[in-house]
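**Q** One structure, pasted below without further comment.
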Amino acid sequence: MASSDLPATSEVLLQTDASKHILDIFLGQGWDTWGASLGGSQASELMLEMFSAFNLVALAVVSALFIWILAVAVAGTAHEGTPFGKRYSSLWMPLRFVGATGARAPIFKGLSFFQVAILACIGFSINLGNYVWELGTDYSVEHGGQLTVQAPDQNVTHYTAISNGALESLTLQYYLSERRGLNILPGGEWTYSGNWFRSGGEYRFLFNGNAGSITVSCVDEGDALCRGKVNAVSAAVSALSPLAQQLADPDTPASSIDPRALYDATTTVNQTILADVQNYAQQSQLQGNLNEFRENAAQYGWFAAGSS
């Protein structure tokens, strides 16, 4: 479980954090503790030497700039009779010179105070990211990995298309069977076929009499989420069968047809899938996978977000 208090230190608390490990390689172990114990490896020593050279050049440029400004200020003082002339402030110009020089000086094994302060802010950010990431993974595991209890809008639209297609196929079957006298039994059967080129396969519900089909893509044949979709389609076919029989009979009075039958069938599909998803979320296998993911997230920190 995540701590109830936000971390208030720049030192990265999670020593196995992946982002800390990357910066350790380039800068050494002490980059997050205000420059203490920087370096230590060939890669970090080389990187620090490069920073030192860059900072020395930047310091020389800043110094040359302020020498030029100082010369202009002296000339302004002699010409206008006021310290540093009217162009520069006698208060802020010296402060800016001292501050800029001190911030650019490579005093931390090649790093400047300004750069060390940025690294400390990065340390704070990593601690905050790990704190929020741990809260999120804990919540996900405790709630079975399900962060919402409603299907997204695009899924609801998909469920409506399934119900519409099932009703059309069933109505056609009843019409051919009862009005045309063909030996077609309303309904159909499920078949499963694997995929030769990638993992998974698909279930296909084939309506009798070549009246259409509904396809459900799956990770594997025994996938619980896939079985939930299969059960939902079967439930929709059963729920829509009486309505399809009424629609196929032209003598059926309009008043006897339930106007909410199609909507109710779509709701049944939605509820069946969500119920199977929730049941799958409570299975020990899923809980084990979530716990394993939480352990990896706790080991590598926020950098593991989106890795699985």
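The values are calculated or read from the model by the stated rules, or taken from the named source; none is laboratory data. The model shown is predicted, which means the values in this text are computed figures rather than measured ones. So basically every Cβ, Gly included, is an ideal-geometry build from the backbone, and we count neighbours across all protein chains shown. Ligands, DNA and RNA are excluded from the accessible area calculation, which covers all protein heavy atoms including side chains. Shrake-Rupley method; radii C 1.70, N 1.55, O 1.52, S 1.80 Å.
**Q** Among 51-64, 254-267, how do they line up from the highest to the lowest mean number of other beta-carbon atoms within 10 Å?
**A** The most tightly packed comes first, giving 51-64, 254-267.
**Q** What order do Lys20, Lys229 take when sorted by accessible area (1.4 Å probe), most exposed first?
**A** Result of the area sort, largest leading: Lys229, Lys20.
**Q** Of the peptides 173-184, 205-216, how do they stack up when ordered by the mean number of other Cβ atoms within 10 Å, highest first?
**A** Peptide ranking by packing, descending: 205-216, 173-184.
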